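*Asks:* Before anything else, here's the structure in question.
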Amino acid sequence: MLLGALRPGHRPNPFQPLLDTDVSLSPEQLKHVAERIGQHMAAGARTLRHLFLVEDLVDSLKFAFLFYILTYVGAVFNGLTLLLMGVISAFTFPVLYRHHQAQIDQYVGLVRNQLSHLRAKIQAKLPSAKAKAE
């Protein structure tokens with residue numbers, strides 16, 4: 001089989017339909033793609049500016065805490081291990097969610113409710129949140 005694949009002319013290429021497919025972009029499609037990329041880059045730059053320049057203290061603290069936690073994750077795991085865990089999770093979690101959707105949605109609703117109550121309590125105690133509300 002391998003020798004047959006290496007000798008040209010004996011068998012037709014099984015990927016010939018894919019090789020014959022036209023993958024060129026029209027100028028309109030290229031312009032649209034470039035505009036979308038520009039919009040995503042501008043939105044990302046605005047978000048990074050918002051997080052790094054402390055426009056909102058709570059968001060910047062959450063961002064700093066995330067990086068702080070990631071230092072411990074990086075100290076414990078190798079990059080290849082994280083990649084392997086990500087691939088396994090990408091194929092496992094959707095199946096688990098599909099089988100247990102009702103229970104998961106119920107518990108996610110409870111967690112969101114608790115987080116919204118906690119966020120309301122914290123914002124009530126922060127003077128900057130009261131000034132924004134007025």
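The values are calculated or read from the model by the stated rules, or taken from the named source; none is laboratory data. It should be emphasised that the depicted structure is a prediction, and the values quoted were computed from it without experimental measurement. Because the Cβ atoms are built from the backbone with ideal geometry, glycine has one as well, and the counts that use them run over all protein chains shown. Heavy atoms of the whole protein, side chains included, go into the accessibility calculation; ligands, DNA and RNA do not. Shrake-Rupley method; radii C 1.70, N 1.55, O 1.52, S 1.80 Å.
*Asks:* Can we say PHE63 is in a helix (DSSP H, G or I) and either among the hydroxyl-bearing types (Ser, Thr, Tyr) or open to solvent by 90 Å² or more (accessible area, probe 1.4 Å) (or both)? Can you show your working first?
*Replies:* Details: in a helix (DSSP H, G or I): yes; either among the hydroxyl-bearing types (Ser, Thr, Tyr) or open to solvent by 90 Å² or more (accessible area, probe 1.4 Å) (or both): no.
Taking the combined requirement at face value, the residue does not satisfy it.
*Asks:* Please state which of the following conditions GLY44 fails to meet, knowing it meets all the rest: (1) in contact with a Ser or Thr (Cβ under 8 Å, 6 or more places away or on another chain); (2) loosely packed, with under 11 Cβ neighbours inside 10 Å.
*Replies:* (1)
*Asks:* State whether one or more residues within the stretch 44-53 are under 26 Å from GLN123 (Cα atoms), in contact (Cβ under 8 Å) with a residue 40 or more places away in the chain and in a helix (DSSP H, G or I).
*Replies:* No, the stretch 44-53 contains no residue that is under 26 Å from GLN123 (Cα atoms), in contact (Cβ under 8 Å) with a residue 40 or more places away in the chain and in a helix (DSSP H, G or I).
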